[in-house]
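First the structure, in the form of structure tokens, and then the observations on it.
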């Protein structure tokens, strides 16, 4: 528990300090970046997971490290294997951490130390998933699938796989079947006694590799990530399975997807090679994407090649970068917007809902602000109408008239229905306003 408290305190301090540094530098989001200068082991990060004591376990090309919010601590393998690195990690429902490695090894954490699983496999681990039966399923790149009893890790079962293509990803369906993404297509499979049989090939991916399969809701829908062919949604309904794009978001059609994960608020995070990370907000029926927000070097990330994304116990989002270490984004409940072009237009005195957007009042005027895009739709400069007096307060009444209080020059009212241009003129010396 001591380490968990330290991690929370350290991260909170980092967020506080870095948020204000980001405001002064004009960045849109509050990131904290950790590279090799912080003893992370390597800037090439493949996996991130968090133990119940609060430590982040970060898998890099040079091995595993544990991070307490301040320092990284190298983790020793239980053998002397050289060149091994974690490719996948998983925290099961009991809180045990599992690691799949590049040389085919599978390890689990016990008392902050790693224990080897005696698994007969030499192919790199592509996926670790917890099955509906509570077993841990190991998906190597080919030839076999393994299940491990987490209560008795020495109990291992091997299923032969006749598929020739390399296996890249996997997920269980609502009915208990196994979706497997390969180097060429998507397969719906069934686990038999000792083998994995293909029920059918799901067409529509033009032989692009299926790099990620993320379950939506109960497991009858999935977000499918591909290598250089972007994102799809899969709806499993028996005979008439549907593969579709997300309408209105053509920018999602050419991504080189590395992973797709769901956060605690139901948003989906997509890591990519070359395009940074994307946060997807879905409609309640999962039929459409409401918004797609990109995070890349233009918004504070130190690189656009993101291998993995992880949400910690405090809601912070961690990005494992390919070459640039890890970046942490403060809890998604905290965002930063810079709607104005200068400090005066960014000095926000007042915020109020207005016609599905927001009025943001400043000392010189007001924005009409779209919170979905994070951009100002318009800025109305009021200095010419208020005798160049600084505005001290705003009030939007029930009739949507905007009352404007100034420093020493009285009160003005901008009437409802004239947000863009036309205002009822009561005083010829003060056009468009009531004074």
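Here are a few things to note about the model shown:
- Some residue of the range 131-143 being surrounded by fewer than 21 Cβ atoms within 10 Å (Cβ to Cβ), in a strand (DSSP E or B) and modelled with pLDDT of 95 or more: no
- Matching entry among 196, 201 (being more than 24 Å from the chain's Cα centre (by Cα), assigned to a strand (DSSP E or B) and surrounded by fewer than 19 Cβ atoms within 10 Å (Cβ to Cβ)): 201
- Hits in the range 228-252 (condition: within 22 Å of residue 307 (Cβ to Cβ) and crowded, with 19+ Cβ neighbours inside 10 Å): 229, 230, 231, 232, 252
- Here the condition is being under 20 Å from residue 50 (Cα atoms), at pLDDT 95 or above, under 31 Å from the mean Cα position of the chain (by Cα) and surrounded by 21 or more Cβ atoms within 10 Å (Cβ to Cβ); of 128, 114, 90, it holds for 128 alone.
- Residue among 100, 54 that alone is assigned by TED's automatic domain parsing to the domain that holds residue 297, assigned to a loop (DSSP other than H, G, I, E, B) and surrounded by 21 or more Cβ atoms within 10 Å (Cβ to Cβ): 54
- Screening residue 381 with (1) more than 31 Å from the chain's Cα centre (by Cα); (2) more than 14 Å from residue 341 (Cα to Cα) gives one miss only, at (2).
- Any hit, the range 336-346, residues being farther than 30 Å from residue 279 by Cα, within 42 Å of the chain's Cα centre (by Cα), outside any strand (DSSP E or B) and modelled with pLDDT under 95: yes
- Residues within the range 251-265 that are out of contact with any strand residue (DSSP E or B) (no Cβ under 6 Å at 6 or more places or on another chain), modelled with pLDDT of 95 or more and more than 21 Å from residue 182 (Cβ to Cβ), tallied: 1
- Test: residue in the range 34-41 that is at pLDDT below 95, in contact with a helix residue (DSSP H, G or I) (Cβ under 7 Å, 6 or more places away or on another chain) and either assigned by TED's automatic domain parsing to the domain that holds residue 142 or over 30 Å from residue 134 (Cα atoms) (or both): no
- Residue match in the range 279-288 (condition: modelled with pLDDT of 95 or more, in the same structural domain as residue 229 (by TED's automatic domain parsing), closer than 22 Å to residue 229 by Cα and not in a strand (DSSP E or B)): no
- Only residues that are within 20 Å of residue 57 (Cβ to Cβ) and part of a loop (DSSP other than H, G, I, E, B) were counted across the range 103-118, and they come to 6.
- Checked against (1) over 15 Å from the mean Cα position of the chain (by Cα); (2) within 27 Å of residue 143 (Cα to Cα); (3) in a strand (DSSP E or B), residue 258 passes all but condition (1).
The values are calculated or read from the model by the stated rules, or taken from the named source; none is laboratory data. Because the structure is predicted, anything quoted here is derived from the model rather than measured. Positions of Cβ are backbone-derived with ideal geometry, glycine not excepted, and every protein chain shown enters the neighbour counts.
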